[in-house]
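Worksheet: one structure, shown below.
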Amino acid sequence: MEQAVYAAEAALEERHWWFVCRRRLFARELARAGVAKDAAMLDVGTSTGTNLRMLRDAGYHDVTGLDMSDEAIRYCRDKGLGDVRKGDICAMPFPDARFDAVLATDIVEHVDDDAAALAEIRRVLKPGGLALLTVPAFEQLWGAQDDLSHHKRRYRLPRFCALVEETGLEVERRYHFNYLLFAPIWLARQIIRRSGATRRSENHINAPGLNELLTLLFEIDCRTAPLVRPPFGVSILVGARENTMPVHRNGASHERQTAHTDH
């Protein structure tokens, strides 16, 4: 991501409606999946630490972050948000079967080879471990934020689930969220694109009163999306399990080798 995006996120993530409600959503998904508080947790693409904040506040204490950016790691360190290692999602510096749960929220869309990234997530998961994944949805929503964030693509839910399962993970939960704001966001991005206006980050479009209103609206959205399962949304959430079954690549079957080695 561009430095302006890191700076905006670092300054805003603690109270901004988007980050606040997403953290609550992820915490509920982890609790629903029965992830124990002493589970070994990995947050991939940790950026400036919003998920590390959530995991700390939710009571998880065996937490590791991973990010490619020295700038992002510095922000996490300065905030006191725990251990963040430098590394690539496609070649993570961890042994097989190291973690009980991996969070990869809005990171896979940054990677040239998204299948390789998902395969690495599977590799570092313990048998039965949970992968909690989010990605941006619908190419029609492409906007300046995608460019600033260096996104490679946006996804459709069926294709993303198929990609996840092609790596050997078993999808057990899938839905769109941020569906209540889908139309306004689409319209705003069309206006921005056609007007030629630029902005350092969409996160700067905020004010205290607006933040309160959007927090309430997005909280309703995140609580109802798993129940309503709308056919559209700005984002996709997938929960998948490491199922220890053979992975088929290029017509060949490869049994996953697991090494239960701690660092």
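The values are calculated or read from the model by the stated rules, or taken from the named source; none is laboratory data. Treat the numbers as computed from the prediction; the structure is a model and nothing was measured. In this analysis, Cβ positions are derived from the backbone assuming ideal geometry, glycine residues included, and neighbour counts consider all displayed protein chains.
In the range 43-57, is there at least one residue being without any contact (Cβ under 8 Å) to a residue 40 or more places away in the chain, of a type in the set (D, E) and more than 21 Å from L237 (Cβ to Cβ)? Taking every residue of the range 43-57 in turn, none turns out to be without any contact (Cβ under 8 Å) to a residue 40 or more places away in the chain, of a type in the set (D, E) and more than 21 Å from L237 (Cβ to Cβ). Taking into account only those residues within the range 30-56 that are among the charged types (D, E, K, R) and touching a helix residue (DSSP H, G or I) at 6+ places or on another chain (Cβ under 8 Å), which is surrounded by the most Cβ atoms within 10 Å (Cβ to Cβ)? In this case the residue turns out to be D43. Would you confirm whether any residue within the range 137-146 is surrounded by 21 or more Cβ atoms within 10 Å (Cβ to Cβ), modelled with pLDDT of 95 or more and within 19 Å of L237 (Cβ to Cβ)? Taking every residue of the range 137-146 in turn, at least one turns out to be surrounded by 21 or more Cβ atoms within 10 Å (Cβ to Cβ), modelled with pLDDT of 95 or more and within 19 Å of L237 (Cβ to Cβ).
The residue that is nearest to the chain's Cα centre (by Cα), among those in the range 96-125 that are more than 18 Å from E166 (Cα to Cα) and either part of a strand (DSSP E or B) or among the polar types (S, T, N, Q) (or both), is T105.
Scan the range 77-95 for residues that are assigned to a strand (DSSP E or B) and of a type outside the set (G, A, S) and the total you get is 5. Scanning the range 88-119 for residues that are more than 21 Å from V238 (Cβ to Cβ), free of Cβ contacts under 8 Å to residues at least 40 places away in the same chain and surrounded by 15 or more Cβ atoms within 10 Å (Cβ to Cβ) yields a single hit, D88. Residues of the range 196-236 that are in contact with a Leu (Cβ under 7 Å, 6 or more places away or on another chain), at pLDDT 95 or above and outside any helix (DSSP H, G or I): V234, I236.
Is it the case that R85 is basic (K, R), under 28 Å from A116 (Cα atoms) and surrounded by fewer than 22 Cβ atoms within 10 Å (Cβ to Cβ)? For R85, the condition - basic (K, R), under 28 Å from A116 (Cα atoms) and surrounded by fewer than 22 Cβ atoms within 10 Å (Cβ to Cβ) - is met. Taking the residues in the range 1-51 that are acidic (D, E) and under 20 Å from A104 (Cβ atoms) as candidates, determine which candidate is modelled with the lowest pLDDT. Per the criteria, the residue is E9.
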